[in-house]
Amino acid sequence: MSLDRLQKLHDRFLAALDHTAEGAFTGAAAAATPWPHDPTTGRELLQTLLRVRALDAAAHQLRAEGHGHYTICSTGHEANAVLGRLTGPGDPALLHYRSAAVQLERARQVPNHPAVADIARSLVAAADDPMSGGRHKVFGHPALGILPSTSTIASHLPRAVGLAFAIDRRQKLGLPAVVPPDAIAVASMGDASLNHSTAQGALNAASWVLHQKLKLPLLVVVEDNGLGISTRTPEGWVTARLAATPHLRVFTADGSDLAESFAVASEAVAYVRRTRRAAALHLRTVRLLGHAGSDADTVYRGPAELAAALERDPLLRLQASLRLAGILDAEAIRALVESVHAEVEHAAEVARNAPKLTSRAAVMAAIERPLCSATEAGDERAGQGAANLTLAQGINRALAEQLDADPSTLIFGEDVAKKGGVYGLTKGLLGRGGPARVFNTLLDEQTILGLGLGAASLGMLPVPEIQYLAYLHNAEDQLRGEAATMAFFSDGQLSNGMVVRVAGLAYQRGFGGHFHNDDAIAVLRDVPGLCVVVPARGDDAVALLRGAFRWAREAGRVVVVLEPIARYHSRDLHEDGDGGWLAAAPAGGAAYGAPRAYDVGEGPPALTIATYGNGLWMSLRVAHRLAEARGVAIRVLDLRFLVPLPTAAVIAAAQGAGRLLVVDECRQSAGVHEGIAAAVLEALQQPGAAPIRYARVSSADSFVPLGEAANLVLVGEDEIAAAAAGLLDRG
């Protein structure tokens, strides 16, 4: 259906070329006035619009033949071509999925860049698609300054705010330039996405920054075609909503009129460049087809509405405008049409025969970047003369080291600056790094993570803090849909390595209830490419954070450091005053990324306990009691990594002891024990495999209540001891 309608649009365009006098122009062309801008700009914009239409037709044709996969068209939104004309590769951009014209027009600024061929290959998920390598259909290219983004729910806008913030912050810190000094960030979206909480949070964050008279060179473009698939945007809503955003300068243009769009966009871009303040460009576009190839919009759009949409076809008005100005005549335009169609047909034919991804390994290569190749293990026992540290002190020490070592490091979040964090973990860092590098943010986790993503995209090393794990859930898509996908969408060419600190887990003796005792880690373990580590002691914190900073910087990884709050200030292990939970920082730059074994008792281990976080503290206490009572040796293995889960090390330790107990402090249905159990089962199927007796204990599938009731749902020492004794008694 869409292919037929595209053909009718094309026929309508050719028919319009038969009108040679101004008075003969009809429909959309009747509103045209002579092109008032540079003639070359007009000619090239027309060529770009023709390429967009031809690529949209090719997308539907390739889909009909079984070659293509993506049929969300840019037809009707072509006025966004002016953004590609007015901004350049030095202006980082995150684009709406109807932005073919932006990419095509920006490509003119890079000599011999084959933008038409690039888009054609992306339509068929070709392995040689220069952006995603066949993994997804995204607009973008490193050489064009366009970062890949799906933009479906405006999830890219927090990053866009971060990009604009980072442009200024790099300059303020005197870091080497990665973009021109007058660069701006550009982000576009549809009118329906403006209503999403992510968009509203990002606009609010922009206003919050502007209110403090800080620099934020960001241009947000809302392409308003009045429809979110079939849901209508109320007339005047976009105008009213943008106008209600404090400190945001709003520019409005008719997207069916390229001359007006170019003039208004020029003003908007110049305003942002000159003032270094954010602005919004409201482009009133038109949707000439369904939302996508499978969308039968005739069900919810009547004949009169569809006919009215045709009267706003920007391609018809532009050709008339150029003819009125004497820049092109009908024959020149017909020749341009023929050359464009030949160009796109050739690109589509090449795309039909392009190679595809053919193996699981090929698909995952972009996100399976090794962790430990970016760091040397070092001797974690060296340098024990350093002062003994609590977990909180170890984290603070590692952050201080990083601030000193890397001037591009930023530490930020709620209350992290003068207050030093809720638990004092960032105390003293403001004085060490200064307010440009250690600062408070507004209380919005989407913004905190988006700020990190933007800074990382410009080569900085952000260390955002999420105050509690429970607060992450309203912003988790910034990790899943934005942070972790960057390498996937860019075939590993781009990354946004950062270290996200999250205070979490339970055992705070009833404090705060669910919101401050959250053991929901499944969302973190379910994100491809994400790395999740849990330091339990001060030495773990120093070494794991050292590793995390290297993995982020050198391997482009997004690392989540999940910190067990209940252990922040612990000093003792077995009894009051024993100092058994204090630990010395590793020497020098030693970092490690493997599980760590603690042997309790004499002789070969009769039992391996695999655990992490609070579970390590409890398991060591239980192991000590059992070793004394039974005269056996027990190996307690601190996993340290929840993603990737070090199952090989667990199995090796378990096979040596013949018994494995997994102590998982998180929920029974969504912790780490399932992954370990599956790995053990697979290992036992191997020829000659040593037998392993297996058991696990975990917390209940419950939210954590207040007070002593918390102990009813969290795994406890008595439960661990009973399970361990049961395994030891089984021969």
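Read the figures in this text as sums done on the coordinates, not as results from a lab. This is a predicted model, so every value here is computed, not measured. Here the Cβ is made from the backbone with ideal geometry for all residues, glycine too, and neighbour counts use every protein chain on show.
Here are some notes:
- Length gained when the stretch R232-A177 is fully extended (0.36 nm per residue, less Cα-Cα span): 15.4 nm
- Rounded to 5, percent antiparallel among DSSP beta bridges of the chain: 20 percent
- Stokes-Einstein diffusion for the stretch 112-171, with the hydrodynamic radius set to the Kirkwood value over Cα pairs and evaluated at 37 °C in a medium of 0.692 mPa s, equals 256 µm²/s.
- For the chain, the longest site-free run once GluC sites (Glu not before Pro) in DSSP loop states with at most 11 other Cβ atoms within 10 Å are removed: 236-574
- Here the 3J(HN,Hα) profile of the stretch 136-143, calculated from phi with Karplus coefficients 6.51, -1.76 and 1.60 at θ = phi - 60°, is 6, 8, 9, 7, x, 5, x, 5 Hz, Gly and Pro shown as x.
- Between 0 and 90 degrees, the angle of helix 391-405 with respect to the longest Cα principal axis of the chain falls at about 50 degrees.
- In this structure, D406 and V523 have a Cβ-Cβ separation that, at R0 = 41 Å, corresponds to a calculated FRET efficiency of about 0.90.
- Globularity ratio of the stretch 631-722, using Cα Rg and 2.2 N^0.38 Å: 1.19
- Shown for the stretch 385-482 is the translational diffusion coefficient from the Stokes-Einstein equation, using the Kirkwood radius over Cα pairs, a temperature of 20 °C and a viscosity of 1.002 mPa s: 154 µm²/s.
- Check: the chain dipole with +1 on Lys, Arg Cβ and -1 on Asp, Glu Cβ, in debye: 980 debye
- Distance between modelled label sites at F511 and L324, nm, 7 Å Cα→Cβ extension: 7.0 nm
- Taking the C-alpha atoms only, the angle from helix 157-172 to the longest principal axis of the chain is near 80 degrees.
- Modelled spin-label separation between A64 and E305, with each label point placed 7 Å from Cα along the Cα-to-Cβ direction: 2.6 nm.
- Dipole axis of the stretch 2-358 (+1 Lys, Arg; -1 Asp, Glu on Cβ), positive-most option in Q171, V344, A126: Q171
- Note on the chain: lysine pairs with Cα distance below 20 Å, sequence gap of 8 or more or different chains, count 5.
- Across every direction, the projection of the convex hull enclosing the Cα atoms of the stretch 418-571 has a mean area of 9.0 nm².
- At R0 = 51 Å, FRET efficiency that the Cβ-Cβ distance of A30 and D128 yields, to 0.05: 0.70
- The distance separating the Cα centre of the stretch 326-352 from that of the stretch 83-142 comes to 19 Å.
- Sequence-distant residues sharing a close amide H with L410 (under 5 Å, placed H): L461, V463
- Ordering L642, P605, V622 by the projection of their Cα atoms onto the charge dipole of the stretch 596-728, which places +1 on the Cβ of Lys and Arg and -1 on the Cβ of Asp and Glu, puts P605 at the extreme positive end.
- Antiparallel DSSP beta bridges within the stretch 144-296, as percent of all bridges there, nearest 5: 10 percent
- In nm, spacing of pseudo-spin labels at E602 and N711 (7 Å Cα→C-beta vector): 3.5 nm
- Ordering G433, S207, A325 by the projection of their Cα atoms onto the charge dipole of the chain, which places +1 on the Cβ of Lys and Arg and -1 on the Cβ of Asp and Glu, puts G433 at the extreme positive end.
- Assigned charges on the beta-carbon of Lys, Arg, Asp, Glu; the stretch 31-122 dipole about Cα centre (debye): 80 debye
- Those residues of the stretch 555-588 whose amide nitrogen sits under 13 Å from the label point placed on A648, 7 Å along Cα→Cβ: none
- Potential lengthening of the chain between R360 and D576 amounts to 72.5 nm, from the contour at 0.36 nm per residue minus the alpha-carbon distance.
- Span from the the stretch 182-250 Cα centroid across to the the stretch 422-496 one, whole angstrom: 22 Å
- The mean of 1/r over all pairs of different alpha-carbon atoms in the chain, once inverted, gives a Kirkwood hydrodynamic radius of 27.9 Å.
- Using just its DSSP H runs of length 4 or more, each adding -39500 (n - 2.57), the chain gives a mean residue ellipticity at 222 nm of -12000 deg cm²/dmol after division by all residues.
- On Cα atoms only, tilt of 717-728 relative to the major axis of the chain in degrees: 70 degrees
- Legend: calculated FRET efficiency, A240 to A15, from the Cβ-Cβ distance at R0 = 35 Å, rounded to 0.05, equals 0.35.
- For A725 and D168, the difference between the fully extended length at 0.36 nm per residue and the C-alpha to C-alpha distance is 194.5 nm.
- Counting charges near T275 (Lys, Arg +1; Asp, Glu -1) among other residues having Cβ under 14 Å from its Cβ returns a value of +4.
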